[in-house]
Amino acid sequence: MDASTSSQNNWQRALNFVNSVAGNLTVNATCARVAVIRYADHADTSIALDSHSDIASLQTAVRSLKPLGRGHNLTSALRVLRSRVFSEDIVRSGATLVAAVVTDQQSCSRQLLQEANELKSEGVIIVGVAITQPKRVDISCLRQVVTSNQLIGASKYNSLKFSNVIGQTVKAICVAPTSPRPAPSPSFSGKFITKFTQSLVMVLVYVKPLYRMG
C-alpha cells in the first residue's frame with residue numbers, strides 16, 4: 001500500500017477495498033495467500049505472505065494498518081516484494097505470483113523499471129490501478145511497470161464499494177501466468193473455491209473507481 005499521508009476517510013476506503021478483493025479469494029494454507037507491503041519514502045512488509053491462513057484474521061490485520069508518512073517509493077516496495085515476500089524459502093513451488101499495485105502518485109525512474117522487469121522476468125504478474133486525478137501518475141511509465149494489458153484507471157474513492165469495481169480488480173489479478181510459473185486455471189463462482197495455487201501481493205496506495213485503460 002502506498003502509505004503516504006492522506007485523509008483518514010480515503011485511507012479507510014483503500015483498506016476496505018483490499019479486504020473486498022481478498023474476500024473473493026479462498027485464503028488458506030493450500031490455496032491463496034495474501035501479503036501487504038506499505039510504502040512511503042521506504043517500504044515494509046506489513047503482512048507477510050505466510051502470516052494468515054484464513055480470511056477473517058487477514059482482514060482484521062488489514063483494518064489495523066496505518067499510514068507511514070510522506071513519499072511514494074514504489075521502487076523500494078518492489079524490491080521488498082522480490083527479495084523478501086516472494087523469496088524462494090516462502091513461496092510454494094508452482095505458485096502463481098501476482099502483485100497488485102494501486103497508486104495515486106508515481107514518477108518514472110530507471111531503477112523502478114529495472115525492479116519491475118526483474119519481477120516480470122521471474123514470472124510475477126504485475127497489475128496496476130492508477131488513480132488518474134489530479135494527474136500525479138506517469139501513466140506511460142506505469143504501463144511499462146505492469147504486465148501487458150494489466151493497467152486499470154481509477155477516479156473516485158467512494159465507488160470502491162461497488163461490486164463491479166471489485167470484480168474488475170479480482171478478474172485482473174486472477175489471470176494465467178505468462179512465464180515460468182505454471183499453475184492450474186481457476187473457475188469463478190463468486191469466490192475462488194478450486195485449489196488454485198496463487199500468491200497475491202497487494203502493494204497499494206489509495207484507490208478510486210475503475211475503468212479499463214486502453
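With respect to the conditions (1) under 14 Å from residue 102 (Cβ atoms); (2) in contact with a helix residue (DSSP H, G or I) (Cβ under 6 Å, 6 or more places away or on another chain), residue 35 falls short on a single one, namely (1). When residues in the range 51-60 are screened for being within 11 Å of residue 34 (Cα to Cα) and of a type in the set (A, V, I, L, M, F, W, C), 2 of them pass. Among the residues of the range 17-55, those that are assigned to a strand (DSSP E or B) and of a type in the set (A, V, I, L, M) comprise 27, 32, 34, 35, 36, 37, 43, 47. When residues in the range 117-136 are screened for being surrounded by 24 or more Cβ atoms within 10 Å (Cβ to Cβ) and either in a loop (DSSP other than H, G, I, E, B) or among the acidic types (Asp, Glu) (or both), 1 of them pass. For the range 47-58, a residue qualifies if it is modelled with pLDDT of 90 or more and buried (at least 20 other Cβ atoms within 10 Å of the Cβ), and the qualifying residues are 47, 52, 58. If you go through the range 74-108 and keep only what is free of Cβ contacts under 8 Å to residues at least 24 places away in the same chain and either part of a helix (DSSP H, G or I) or within 23 Å of residue 166 (Cα to Cα) (or both), you end up with just 83.
Of all residue pairs spaced 6 or more apart or on separate chains, those with beta-carbon atoms under 6 Å, a first member in the range 50-70 that is more than 15 Å from residue 18 (Cα to Cα) and a second member that is of a type in the set (A, V, I, L, M) and surrounded by fewer than 18 Cβ atoms within 10 Å (Cβ to Cβ) are 50/90; 53/29.
Filtered by the rule that a residue be within 13 Å of residue 107 (Cα to Cα) and either touching a residue at least 60 places away in the same chain (Cβ under 8 Å) or among the aromatic types (Phe, Trp, Tyr) (or both), the range 133-142 gives a lone residue, 139.
Looking only at residues in the range 75-120 that are touching a Phe, Trp or Tyr at 6+ places or on another chain (Cβ under 7 Å) and under 23 Å from residue 148 (Cβ atoms), the one that is modelled with the lowest pLDDT is 104.
Restricting attention to the range 59-73, the residues that are part of a helix (DSSP H, G or I), surrounded by 15 or more Cβ atoms within 10 Å (Cβ to Cβ) and either β-branched (Val, Ile, Thr) or modelled with pLDDT under 90 (or both) add up to 1.
The values are calculated or read from the model by the stated rules, or taken from the named source; none is laboratory data. Note that the coordinates shown come from a computational prediction; the quantities given were computed from them, not determined experimentally. Cβ sites come from the backbone with ideal geometry, for glycine too, and all protein chains shown count toward neighbours.
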